[in-house]
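The values are calculated or read from the model by the stated rules, or taken from the named source; none is laboratory data. Computed from a predicted structure; not experimentally measured. Keep in mind that these areas ignore ligands, DNA and RNA; they rest on the heavy atoms of the full protein, side chains included. Shrake-Rupley method; radii C 1.70, N 1.55, O 1.52, S 1.80 Å.
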Amino acid sequence: MTTGWTEALAADARDAQTLRRILADPTNPEVYPDSIPHELVNGAIIVTPPAGPTHGSLLVLLGTHLRRQVPRDLWLGIDTWLYLDRQNHPAPDLMLCPRPDSEMKRPAEALLVLEILSPATADRDRGEKRAVYARHAIPSYLIVDPEPLTITELRLDGETYVERQSATAPGIFTTDAPCPLTINLGSLARELAAW
């Protein structure tokens, strides 16, 4: 009869122990269960559902388009934690960082972050994560809305982001920050539809 309660208490104790370990050393990747998509934002562990087919396909296509244009001194991270401080390890969908000098070095600064909106993450991407990225002086923030396919570029102005431009399919998005990048949204939308 008490087996259920015992198991529940043991699970709660493990969760509490894991949480204490994370808060004690949030840069230690060994305490995070890699199989569960999550990030740390303002000290809160946020577990996100797996990406839907549109989000996942768009992530692959954008990564492919951008990889061809990124210079060798920059590194394109895909769904990778960004270690900003002890309370913030967001996992932007894509980011451009200075190329790490070691495979083991975790990215701690970004020149550009990109988030693809989904029903589960849109409010946080537009609000809390936007504020975290601004507070850590990330110069460029791209928000991609899959429906209709739109890229909005925000640039840091002082301590806050201001919208610089927005392009919707079938238009073309171009930016020079942190390097020249061009995305043909019409072509991207066709690839996405054919995926």
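For Glu128, the accessible surface of its heavy atoms amounts to roughly 70 Å² (probe 1.4 Å, protein chains only, rounded to the nearest 10). Across region 93-191, counting alpha-carbon atoms alone, Rg and Dmax equal 13.9, 40 Å. Full extension of the chain between Arg126 and Val60 yields a length gain of 21.6 nm, computed as 0.36 nm times the residue separation minus the alpha carbon distance. Please state the shape class of region 34-113: rounded when a/c is under 1.5, otherwise prolate if a/b exceeds b/c and oblate if not, all from the C-alpha gyration tensor. Because a/c hits 1.5 or more and a/b fails to exceed b/c, region 34-113 counts as oblate. Heavy-atom accessible area for Trp81, with the other protein chains in place and a 1.4 Å probe, reaches approximately 50 Å². Given their separation in residues at 0.36 nm each and the Cα-Cα distance between them, Arg68 and Asp157 gain 29.2 nm when the chain is fully extended.
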